[in-house]
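For reference, the structure is listed below as structure tokens.
The values are calculated or read from the model by the stated rules, or taken from the named source; none is laboratory data. No experiment lies behind these values; they were computed from the predicted model shown. Because the Cβ atoms are built from the backbone with ideal geometry, glycine has one as well, and the counts that use them run over all protein chains shown. Side chains included, ligands, DNA and RNA excluded: accessible areas come from the protein's heavy atoms. Shrake-Rupley method; radii C 1.70, N 1.55, O 1.52, S 1.80 Å.
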2 protein chains.
Amino acid sequence: MNRDLRVCFVGDSFVAGVGDPDFRGWVGRLASAAHAEGIPLTAYNLGVRRQTSAEILRRFRAECAPRLPDGVDARVVLSFGVNDAMHENGGSRVAPDESVANLGELLAQAGERGWPVLMVAPPPIADDEHNARTAALDERFAQVCAAAEVPYVRVHQLLRDSAVWAADVRAGDGAHPGAAGYEEMAALIVPQWRAWLSR
Amino acid sequence: MNRDLRVCFVGDSFVAGVGDPDFRGWVGRLASAAHAEGIPLTAYNLGVRRQTSAEILRRFRAECAPRLPDGVDARVVLSFGVNDAMHENGGSRVAPDESVANLGELLAQAGERGWPVLMVAPPPIADDEHNARTAALDERFAQVCAAAEVPYVRVHQLLRDSAVWAADVRAGDGAHPGAAGYEEMAALIVPQWRAWLSR
């Protein structure tokens with residue numbers, strides 16, 4: 001029997017592909033890239049707008065379990081942090097230490113179920129102060145993943161340097177890009193995505 | 001403030017778009033069609049492979065609630081039935097009366113939350129006996145929806161008459177089409193989709 005690869009992509013609005021008129025986002029583009037390379041998979045997009053790591057943690061197991069039954073090559077891609085770093089009522093929606101703890105708990109829960117994880121960094125938006133907070137989280141997320149031997153895709157700084165991303169976000173709602181920006185983000189993830197799938 | 005339209009598409013593998021190398025399925029195509037007509041929306045794809053109406057009912061509220069917060073134009077598109085009609089161990093996975101009851105309960109739960117529903121018929125596969133059972137369900141689903149004043153999109157028979165759909169399913173795994181088949185299915189749904197969004 002062929003490999004039956006199923007991947008849950010769990011995270012926020014960027015995972016959901018908000019802003020992309022093609023409704024593919026970086027998630028759909030990664031799935032298509034794998035398919036084109038002869039790796040068919042079932043992709044479940046579980047991105048939800050405005051969600052922080054705390055909200056993602058609350059639904060993580062319940063939503064992934066029915067999509068990743070026993071006997072399949074079951075995997076999880078995580079990506080969040082922009083909403084954690086959002087300032088509301090004088091502070092971040094989620095304190096950095098809590099974001100880090102939530103990531104640790106998500107990795108632990110995936111580990112218990114035997115689901116390999118790939119983590120993708122939170123992207124930048126059109127707000128430098130917000131981005132500075134996200135970049136600090138990015139750094140800490142990278143450390144947590146390194147300690148857990150989970151591959152972490154460092155797209156944050158690369159997208160800050162991307163004229164395509166910046167222009168697309170400005171042309172959109174100030175946070176989300178359109179098709180071109182998601183294409184750019186997917187292209188940055190593809191090498192590690194490919195390596196992770198071949199493990 | 002602009003209309004903030006969010007639609008959860010809840011159902012089975014056909015909702016998930018299994019088989020489409022573009023990872024858009026009929027759901028992504030409907031969302032793109034709305035966007036192209038100046039109706040931006042957030043689309044959440046909650047299709048899960050192999051799921052029957054009973055399994056969908058179990059996760060319906062828990063998965064839709066965090067995606068459809070108060071204050072948005074929150075809606076639900078349902079589509080299932082092919083897995084209910086699947087024969088296993090000498091009978092259908094879900095008895096027709098139970099499928100009908102599950103649909104009724106889903107409509108009731110959506111009604112309680114104030115989520116308008118559009119229901120899409122289960123499509124045919126490359127198995128005439130299975131299709132006969134699905135067609136019987138299709139008929140009963142149409143009656144339930146008519147009684148509840150929920151629009152029901154009768155794609156089942158139209159897709160049985162579609163050479164594009166049949167060829168695409170045969171070229172695939174015998175159940176799921178590729179991009180061309182999903183394009184065909186989406187085109188059949190678009191008129192009622194458009195009318196429902198403008199309500």
Rounded D (µm²/s) - the range B:53-194, Kirkwood Rh over Cα pairs, Stokes-Einstein at 37 °C, 0.692 mPa s: 207 µm²/s
Using a Förster distance of 22 Å, the FRET efficiency for A:A108-A:A142 (Cβ separation, nearest 0.05): 0.80
Amide H contacts under 5 Å for A:L5, placed H, 5+ residues apart: A:T42, A:D73
Loss of accessible area when A meets B, both sides summed, Å² nearest 100, probe 1.4 Å: 1900 Å²
Under-5 Å amide H pairs with B:L118, H placed in peptide plane, nonlocal only: B:V76, B:V77, B:L78
Carbon/sulfur fraction of accessible area - the range A:5-197, other protein chains in place, 1.4 Å, %: 51 percent
Under the Karplus curve 6.51 cos²θ - 1.76 cosθ + 1.60, θ = phi - 60°, whole-Hz ³J(HN,Hα) for the range B:163-172, x wherever Gly or Pro sits: 5, 4, 4, 4, 5, 5, 5, 5, 6, x
Residue-by-residue Karplus 3J(HN,Hα) for the range B:147-156, coefficients 6.51, -1.76, 1.60, Hz, glycine and proline x: 5, 8, 6, 9, x, 10, 9, 8, 7, 4
Amide proton proximity set for B:G47, modelled H, under 5 Å, gap of 5+: B:G11, B:A16
Exercise: per-residue mean of other protein chain Cβ atoms within 10 Å, A:27-35: 3
Charge dipole of chain A about the Cα centre (unit charges at C-beta), most positive-ward option of A:N131, A:V153, A:S198: A:S198
Estimated distance in nm for a label pair at A:R194 and A:N89, the labels positioned 7 Å out from Cα along Cα-to-Cβ: 4.7 nm
Residue-count net charge about B:L118 - beta-carbon cut-off 13 Å; Lys, Arg +1, Asp, Glu -1: +3
Inter-label distance, nm, simple model (7 Å from Cα along the C-beta direction), A:A36/A:A132: 3.9 nm
Environment charge at A:A180 (Cβ cut-off 13 Å; Lys +1, Arg +1, Asp -1, Glu -1): -2
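Taking only the alpha-carbon atoms of the protein assembly as shown, what semi-axes of the equivalent ellipsoid follow from 5 times the gyration tensor eigenvalues under a square root, in whole Å, largest first?
35, 23, 20
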3J(HN,Hα) from dihedral phi, the range B:97-114, Karplus parametrisation 6.51/-1.76/1.60, rounded to Hz, x for glycine, proline: 4, 6, 4, 5, 5, 5, 4, x, 5, 4, 5, 5, 5, 5, x, 4, 8, x
Loop sites in the range A:26-75: GluC sites (Glu not before Pro), DSSP, at most 12 other Cβ within 10 Å: A:E37
Assigned charges on the beta-carbon of Lys, Arg, Asp, Glu; chain A dipole about Cα centre (debye): 520 debye
In Å², nearest 10: area of B:I39 left accessible to a 1.4 Å probe: 40 Å²
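Going by a ≥ b ≥ c, the root eigenvalues of the Cα gyration tensor, does the range B:1-85 fall in the rounded group (a/c under 1.5), the prolate group (a/b larger than b/c) or the oblate group? All intermediate terms of the calculation are to be shown ahead of the outcome.
Working: a/c = 2.82, a/b = 1.32, b/c = 2.14.
In terms of gyration-tensor shape, oblate.
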Alpha-carbon centroids, the range B:106-173 and the range A:1-78: separation in whole Å: 26 Å
